[in-house]
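Student: A single structure is presented below for examination.
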Amino acid sequence: MIEQSRRGDIAVLTMAHGKANALDIELLEAITAQFDKLRGAPDRAVVLTGQGRMFSAGVDLPPLADGGPDYVRRFLPALHRLYETVFFFAKPVVAAVNGHAIAGGCVLQCCADKRIAARGDFRIGVTELLVGVPFPAMAFEVMRFATAPQYFADGILSGATYPPDVALQRGLVDETVEPAQLLDRAIAAAKTLAALPPGTFEMTKRQIRQPAADAMERHAPRIDKVAEEIWTSSATIAHIRDYVARTFKKG
């Protein structure tokens, strides 16, 4: 599910969960657990990537549709903990976006300090509103932090996805490279950040992300309460089922 390797003092985590690295509870908890272990490990930085042409297709929708409110109430806290863990991780995190990064998968790569995408015929963007669900507070703050301000509302409300070069313009990634160069470039970027004094890096990262932390402290309980009510409503579950039927069961 999570393959771990090392390049010197850089940990490389490769998601390998089915064809799409879809975010079910099992994968959410597995990624979070790996980051938790790396807190006290000697590794100086982390590179997170996927396999093949898929970084992550985002939330695994069929379990939401089939599991209903009980599954959603277990899923949302696990999703929050993953994003919170990666976004505020004390060590440098580089996302090597090897393929599609859709919805929750786009949010996950936006949690990184540096996001490097391979050039190619794949898409990056957040489709939550098309699925019929609002953003939980942590996911929304990650996207607000990462997206170029002039494109933020449009990207959220449209549910559009973009090829890597357009995602670069919109701030969803920081750099694009040829696919064969992706992992080496991500390792190099991680090493550059890891060369900074750890305490200095951690404090600076905290300062950079403080507005998101402040917004979470002020607003997250209220927002997440409403979000859970919408995610677990019968109308939303029905919308998700319809979206799954239209999107994944064609032909």
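Student: Under 7 Å between Cβ atoms, which residue pairs at least 6 apart in sequence (or on different chains) link something in the stretch 118-129 that is over 18 Å from D174 (Cα atoms) with a partner that is aromatic (F, W, Y)?
Tutor: These pairs meet every condition: E128/F135.
Student: Going by what's in this entry, would E217 be described as loosely packed, with under 11 Cβ neighbours inside 10 Å, modelled with pLDDT of 95 or more and charged (D, E, K, R)? Talk me through it step by step, then tell me what you get.
Tutor: Working: loosely packed, with under 11 Cβ neighbours inside 10 Å: yes; modelled with pLDDT of 95 or more: yes; charged (D, E, K, R): yes.
Answer is yes for this residue.
Student: Just for helices (runs of 4 or more DSSP H) wholly inside the stretch 120-173: which have at least 1 residues that are farther than 13 Å from I102 by Cα?
Tutor: Values: elements: 128-131, 137-146, 149-158, 164-169.
The helices (runs of 4 or more DSSP H) meeting that bar are 137-146, 149-158, 164-169.
Student: I've got another one for you. Is it true that some residue in the stretch 82-104 is assigned to a helix (DSSP H, G or I), more than 26 Å from Q210 (Cβ to Cβ) and at pLDDT 95 or above?
Tutor: No, that holds for no residue.
Student: Quick check on L82: is it of a type in the set (A, V, I, L, M, F, W, C), closer than 21 Å to F122 by Cβ and touching a residue at least 40 places away in the same chain (Cβ under 8 Å)? Talk me through it step by step, then tell me what you get.
Tutor: Details: of a type in the set (A, V, I, L, M, F, W, C): yes; closer than 21 Å to F122 by Cβ: no; touching a residue at least 40 places away in the same chain (Cβ under 8 Å): yes.
The answer is no for L82.
Student: Could you check the stretch 14-42 and list, in sequence order, the residues that are buried (at least 20 other Cβ atoms within 10 Å of the Cβ) and within 17 Å of L183 (Cα to Cα)?
Tutor: Within the stretch 14-42, M15 is the sole residue that qualifies.
Student: Within 21 Å of R246 (Cβ to Cβ) and either touching a Lys or Arg at 6+ places or on another chain (Cβ under 6 Å) or not small (G, A, S) (or both) - does that describe any residue in the stretch 36-53? Working first, answer last.
Tutor: Residues of the stretch 36-53 within 21 Å of R246 (Cβ to Cβ): none.
No, the stretch 36-53 contains no residue that is within 21 Å of R246 (Cβ to Cβ) and either touching a Lys or Arg at 6+ places or on another chain (Cβ under 6 Å) or not small (G, A, S) (or both).
Student: Here's another thing I want to ask about it. Suppose we filter L157, L193 for residues that are modelled with pLDDT of 95 or more, more than 30 Å from Y71 (Cα to Cα) and not basic (K, R); which single one remains?
Tutor: Working: L157 fails: more than 30 Å from Y71 (Cα to Cα).
The match here is L193.
Student: Got a sec? Which of M203, M138 is over 22 Å from the mean Cα position of the chain (by Cα), closer than 22 Å to R39 by Cβ and not aromatic (F, W, Y)? Please lay out each step first, then the result.
Tutor: Working: M138 fails: over 22 Å from the mean Cα position of the chain (by Cα).
Exactly one of M203, M138 is over 22 Å from the mean Cα position of the chain (by Cα), closer than 22 Å to R39 by Cβ and not aromatic (F, W, Y), namely M203.
Student: Would you mind finding the one in K205, K191 that is in contact (Cβ under 8 Å) with a residue 12 or more places away in the chain, surrounded by 19 or more Cβ atoms within 10 Å (Cβ to Cβ) and of a type in the set (D, E, K, R)? Even if it seems obvious, please write down each step before you answer.
Tutor: Numbers: K191 fails: surrounded by 19 or more Cβ atoms within 10 Å (Cβ to Cβ).
From the options K205, K191, the qualifying one is K205.
Student: Could you grab me the full set of residues in the stretch 161-215 that are closer than 25 Å to D43 by Cβ, among the β-branched types (V, I, T) and touching a Lys or Arg at 6+ places or on another chain (Cβ under 6 Å)?
Tutor: Within the stretch 161-215, V173, V177, I187 qualify.
Student: Can I ask one more? For the stretch 84-101, what are the residues that are under 15 Å from the mean Cα position of the chain (by Cα) and either surrounded by fewer than 24 Cβ atoms within 10 Å (Cβ to Cβ) or among the β-branched types (V, I, T) (or both)? Even if it seems obvious, please write down each step before you answer.
Tutor: Filtering the stretch 84-101 for residues under 15 Å from the mean Cα position of the chain (by Cα) gives 84-89, 93-101.
Once the filter is applied, which keeps residues that are under 15 Å from the mean Cα position of the chain (by Cα) and either surrounded by fewer than 24 Cβ atoms within 10 Å (Cβ to Cβ) or among the β-branched types (V, I, T) (or both), the stretch 84-101 yields E84, T85, V86, F88, F89, V93, V94, V97.
Student: Look through the stretch 105-119, keep the residues that are in contact with a helix residue (DSSP H, G or I) (Cβ under 9 Å, 6 or more places away or on another chain) and assigned to a helix (DSSP H, G or I), and return whichever of them is nearest to Q181 (Cα to Cα).
Tutor: First pass over the stretch 105-119, keeping only residues in contact with a helix residue (DSSP H, G or I) (Cβ under 9 Å, 6 or more places away or on another chain): 106-119.
Narrowing further to those that are assigned to a helix (DSSP H, G or I): 106-110.
On the way: C106: 21, V107: 23, L108: 21, Q109: 18, C110: 20 Å.
Going through the qualifying residues, I end up with Q109.
Student: When only residues in the stretch 163-188 that are among the small types (G, A, S) and either under 20 Å from K91 (Cα atoms) or touching a Gly at 6+ places or on another chain (Cβ under 8 Å) (or both) count, which is surrounded by the most Cβ atoms within 10 Å (Cβ to Cβ)? Give the steps one after another, and end with the answer.
Tutor: Initial filter on the stretch 163-188 (among the small types (G, A, S)): 167, 171, 180, 186, 188.
So of that shortlist, the ones also either under 20 Å from K91 (Cα atoms) or touching a Gly at 6+ places or on another chain (Cβ under 8 Å) (or both) come out as 167, 186, 188.
Working: A167: 26, A186: 30, A188: 14.
Top of the filtered list is A186.
Student: Hey, another quick one. If you check every pair at least six apart or on different chains, which have Cβ atoms under 9 Å apart with a residue in the stretch 213-226 that is part of a helix (DSSP H, G or I) first and a residue that is among the small types (G, A, S) second?
Tutor: The qualifying pairs are A215/A137; M216/A137; H219/A137; A220/A137; P221/A137; R222/A137; I223/A137; D224/A137.
The values are calculated or read from the model by the stated rules, or taken from the named source; none is laboratory data. Model, not experiment: these values are computed from the prediction. Cβ coordinates were reconstructed from backbone atoms using ideal geometry, including for glycine residues, and neighbour counts include every protein chain displayed.
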